[in-house]
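Q: Let me begin by handing over the structure; questions about it come next.
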Amino acid sequence: MSAGHLPALLLDPEEGSRFVVAAQAPPLGVRPGQVYPLEELRFPAGGVLLLYTDGLVERRGESIDLGFERLAAAANAAGPNHLTFADHVYAGLVQDVPLDDDVALLAIESTPLGSHLELTLEAAPSVLVSLRRTLARWLVRRGVSPESRFDVIVAVSEAAANAIEHAYGLRDATFTVECEHSEEDEVRVTVRDTGRWRESTRGDRGRGLMIMRELMDSAEVEHGEGGTAVTLVRRVDAEP
């Protein structure tokens, strides 16, 4: 159900683009006690969902339907380049156009899980849960056995926790997790940050690296001026 929002634009790699028209309801906070039922939308792998404010499509003196047509055309024309998907759509619609209203645009991309997975995450403990879930889904998709999945997830979680604590402390920053599954059933994960290594303040100081080396075939740590990289390698068993 839409709380007064314009229809989202869904780009489906198989079925093309379409506007998602939901049941309309008053904006949030307008009517006390208003109930907003949830609706489910199939979000295909490789698809993009565009959410936006009216300032993106409305132009003074013209029908909003023309704005919807421009948005769909700009989104369908977006291809691989140096811009993000949202940047491409924004540039095609409003970069050189005088604006009468504020503009907000959010592009949510559903990336297919292939043999390579790369994540950029906020350096905060709260991201560890989503990291473990994403890694588990990727390993399941790659056909890795439950036992091997457990070991890889625990080791990567330790490396990520170390990157958050040692490299950043309370300072806002990001780190990357790059995963690769080879045809030889070898999983290689590199957790990389751009901060300075700090001594652990946890009571279990030093155990993180020990756990990683016990669970993986190898766990190598590289320190440099650009940050720290932990590379974990494990030959995994296939799902029975």
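Quick note: the coordinates plus some simple rules give every number you see, no bench work behind them. Because the structure is predicted, anything quoted here is derived from the model rather than measured. Don't worry about glycine lacking a Cβ; one is built from the backbone with ideal geometry, like all the others, and counts go over all protein chains shown.
Q: Restricting to region 211-225, and then to whatever is within 17 Å of VAL236 (Cβ to Cβ) and small (Gly, Ala, Ser), can you tell me which residue is surrounded by the most Cβ atoms within 10 Å (Cβ to Cβ)? Quick ask: steps written out before the conclusion?
A: First pass over region 211-225, keeping only residues within 17 Å of VAL236 (Cβ to Cβ): 212-219.
Still in the running and small (Gly, Ala, Ser): 218-219.
Numbers: SER218: 11, ALA219: 22.
Step by step, filter region 211-225, then rank; the result is ALA219.
Q: With respect to SER63, is the statement that it is of a type in the set (S, T, N, Q) and within 30 Å of GLY227 (Cβ to Cβ) true?
A: Working: of a type in the set (S, T, N, Q): yes; within 30 Å of GLY227 (Cβ to Cβ): no.
It is false that SER63 is of a type in the set (S, T, N, Q) and within 30 Å of GLY227 (Cβ to Cβ).
Q: How about region 137-168: which of its residues are crowded, with 17+ Cβ neighbours inside 10 Å and of a type in the set (Val, Ile, Thr)?
A: Just the residues of region 137-168 that are crowded, with 17+ Cβ neighbours inside 10 Å, to begin with: 138-139, 142, 144, 148-149, 151-153, 155-168.
Result: VAL144, VAL152, ILE153, VAL156, ILE164.
Q: Then there's this: Yes or no: PHE85 without any contact (Cβ under 8 Å) to a residue 40 or more places away in the chain and touching an Asp or Glu at 6+ places or on another chain (Cβ under 8 Å)?
A: Numbers: without any contact (Cβ under 8 Å) to a residue 40 or more places away in the chain: yes; touching an Asp or Glu at 6+ places or on another chain (Cβ under 8 Å): yes.
Taking the combined requirement at face value, the residue satisfies it.
Q: Right, here's the next one. Look through ARG60, ARG42 and report the one residue that is without any contact (Cβ under 8 Å) to a residue 60 or more places away in the chain and within 21 Å of GLY4 (Cα to Cα). Don't jump to the end; show me each part of the working.
A: Working: ARG42 fails: within 21 Å of GLY4 (Cα to Cα).
Every option except ARG60 fails the conditions.
Q: Go through region 41-136 and tell me which strands (runs of 3 or more DSSP E), entirely inside it, have 2 or more residues that are loosely packed, with under 11 Cβ neighbours inside 10 Å and within 18 Å of the chain's Cα centre (by Cα). Spell out the reasoning first.
A: Numbers: elements: 48-52, 105-109, 116-122.
It comes to 116-122.
Q: Is there a residue being of a type in the set (Val, Ile, Thr) and touching a strand residue (DSSP E or B) at 6+ places or on another chain (Cβ under 9 Å) anywhere in region 14-28? Walk me through it before giving the result.
A: Within region 14-28, the subset of a type in the set (Val, Ile, Thr) is 20-21.
Those left that are additionally touching a strand residue (DSSP E or B) at 6+ places or on another chain (Cβ under 9 Å): 20-21.
Scanning region 14-28 turns up at least one residue that is of a type in the set (Val, Ile, Thr) and touching a strand residue (DSSP E or B) at 6+ places or on another chain (Cβ under 9 Å).
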